Amino acid sequence: MSRIAILIANQIYREESELGSLQGPFNDIDALRSILEDRNRGKFDEILTLKDSESNEIRWTINGVLTTAKYTDTILSTFLVTASGEQVKYSV
């Protein structure tokens, strides 16, 4: 039985969105990773971290984990786009 985590954090928007970069997601994902890899707390065997990855890479990674996982494996997937205290403004 394995414990596998897929941590995805994006903090840069496409240029055409006219939204500024976020500051928190990478910090949040790094903090979460440190907890999950701690042998006394998270106890995860494998942690995959994707930062500002393209959608194809994200799908490829998730698909790879799911196709090789066993029935008894635990898989955690989290996607961080924003962090507390950050605000995104937009107009319609």
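Bear in mind that the values in this text are calculations on the coordinates, not laboratory data. On a predicted model such as this, the values are computed, not experimentally measured, just so you know. For neighbour counting, all protein chains shown are included, and Cβ atoms are generated from backbone atoms with ideal geometry for every residue, glycine included.
Rank these for me by crowding, Leu66, Leu50, Leu22, going from fewest to most other beta carbons within 10 Å.
Values: Leu66 13, Leu50 18, Leu22 21.
With the fewest neighbours first, Leu66, Leu50, Leu22 line up as Leu66, Leu50, Leu22.
Distances between placed amide hydrogens fall under 5 Å for Ser77 paired with Ile6, all partners being 5 or more residues away or on another chain. Among Thr49, Thr68, Thr78, sorting on how many other beta-carbon atoms sit within 10 Å of each Cβ, with the fewest leading, yields Thr68, Thr78, Thr49. Among Lys51, Lys70, Lys43, a tally of other beta-carbon atoms within 10 Å of each Cβ gives an order, fewest to most, of Lys70, Lys43, Lys51.
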